[in-house]
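Structure record follows, encoded as structure tokens.
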Amino acid sequence: MNQASPSFFAFEPAPAARAYRVLDAAGVIDVLAGLPEIRAGLGGAQRAWRVRDVADGNLNAVYLVDGPAGGVCVKQALPYVRVAKETWPLDANRARFEAAYSARLAPFVGRLAPTIHHFDPDLLLIVMEKLEPHVILRKGLIEGRRYPRLAADVAEYVAQASVHTSDIAAPFEARAADLALFSRNLALQRISVDLIFLDPYTVSDRNKIAPALEPWAARLRDDVEIKSAAARFRLAYLTKAQSLLHGDLHSGSIMVTPEETRVIDGEFAWVGPSGFDVGDFLAHLVMAWFAKPFHGASEAEIAASRGAIEQDIVDFWRTFRRRFLELAEGAAPAGDGLPQSHFGDPAGVRRRSDLLAAYLEDVCRDAIGFLAMKVVRRIIGFAQIEDFLVIADANARALAQARALNLARSLLLEPDRYRDIAELVAALAKFDRAGLDPDAAP
Ligand code: SR1
Ligand code: MG
């Protein structure tokens, strides 16, 4: 296990000298066999190991390997976008940023992320804890399953990252190191900037637009108020370096059981606005809510699933806010932004609390905008989500998506209506009455 190794942070790829190659299942086994600790953990002879290709996300190869004594998960960054194959080349060095992100957050998030056993900087391959019986959250939500720990666990994860990698708790030298490292994660930031912040508001060959949603796509391209709001959040993403972000905290980046939650896939790591991950997670709960009636469940099951998602939205928001303030109030004196030494007397302590509360309000306002932009990008952009894609009837699918777009537009144009999370939850039912026409908002 070399999670804390400084080599994670030494970003000096020399492609000609490196032994990178795309591994197949047999190649994965051979690599693991050469790692004494992993070999011991799997147990038995190499020929007894069973390997399964379980790649599910858009970008990487993922294998589960089981031996008589245990299992591991192996993730290799491919030199292209997996779902587009060689037609979309992509720098495989993204694995370095994922490994570095995991190492940076491990002291704060502990068991809320998988344990990293090994990183191979040549093969750009991460060997990590095999999560079992965990499932990808998105699949569980589509099946209508309940995860009682989810909201509190993800809130804890995001609050820990938001405080401990910010100027509230980290010395500026550590912040500068994060910026120096993660600002080089350019290939994946190009994807985020294009797919989230630019493509849906313009004509792009990458956009996938259902015919019934063409009027919505035209509205997003033509409405200067929507585009201005989008520009504000795009600029925030590019300039507001508050804390280290996961950068892709959707329901495909979280694995769950009813008892446990693990955040995976930190390859989009970026130092940016703390509201980004908050909004991303909420956006995917909101979209699961709008898609739910079209997943073939009974009325009672739909109502129960939606009620659970609403509760998760509220619990996540409130727990994030509470934990952010608790962590920030107690933050080590190392942070150079709001040092406790400057606010020592009782009046000063109160003033520091006020400043932290204002900081948090700003994070939450940003989160609402990013939530909206994440909804838009999953419906008008390239990387669409199974929550909607499993709806076989194209009209029904477009209807669910149009309802989510109605909410997103309102969040962008009327953010002050959503200062309390209860207002956002109440708006779900309102926009659930929307049709396909963007001019006929409820
Ligand atoms: C090229 S597809 C990229 C998308 O998949 C990832 O999961 C991210 O959401 C990204 O935007
Ligand atoms: Mg991913």
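Results, tabulated for the structure shown:
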quantity	calculated
Hz values of 3J(HN,Hα) by residue in segment 361-371 - Karplus curve (6.51, -1.76, 1.60), Gly and Pro given as x	4, 5, 4, 5, 4, 4, 4, 5, x, 5, 3
Over segment 138-201, volume per residue of the alpha carbon convex hull, in Å³	138
Relative contact order [Cα under 8 Å, 6+ residues apart], the chain, whole percent	17
Local electrostatic count at residue 38 - Lys and Arg +1, Asp and Glu -1, tallied over other residues with Cβ under 13 Å	-3
Ellipticity estimate at 222 nm from DSSP helix runs (n ≥ 4, -39,500 (n - 2.57)) divided over the chain, nearest 500	-15500 deg cm²/dmol
For segment 276-334, Kirkwood radius (reciprocal of mean inverse C-alpha pair distance, Å)	13.2
For segment 410-417, Karplus couplings with θ = phi - 60° (6.51, -1.76, 1.60), whole Hz, Gly/Pro x	5, 5, 6, 8, 10, x, 5, 6
Pair residue 297, residue 146: separation of 7 Å Cα→Cβ label points (nm)	1.1
Long-range Cα-Cα pairs in segment 116-270 (distance over 29 Å), rounded percent	35
Total formal charge among the other residues, if their Cβ is under 14 angstrom from that of residue 186, Lys/Arg +1 and Asp/Glu -1	+1
Amide proton proximity set for residue 81, modelled H, under 5 Å, gap of 5+	88, 90
Kirkwood Rh and Cα Rg combined as Rg/Rh, segment 199-275	1.08
Stokes-Einstein diffusion coefficient of the chain, Kirkwood radius over Cα pairs, 4 °C, 1.567 mPa s, in µm²/s	57
Normalised alpha carbon radius of gyration of segment 322-430 [divisor 2.2 N^0.38 Å]	1.51
Cut-off 14 Å between beta-carbons: net charge of the residues surrounding residue 417, Lys and Arg +1, Asp and Glu -1	0
Viscosity 0.890 mPa s, temperature 25 °C, Stokes-Einstein D of segment 58-164 from Kirkwood C-alpha radius, µm²/s	157
Potential extension, residue 394-residue 221 segment - 0.36 nm per residue separation minus Cα distance	60.0 nm
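Readers should treat all values here as calculations from the given coordinates under stated rules, not as data from a laboratory. Keep in mind the model is a prediction, meaning the values are calculated, not measured. With ideal geometry, Cβ positions are generated from the backbone for all residues, glycine too; neighbour counts draw on all protein chains shown.
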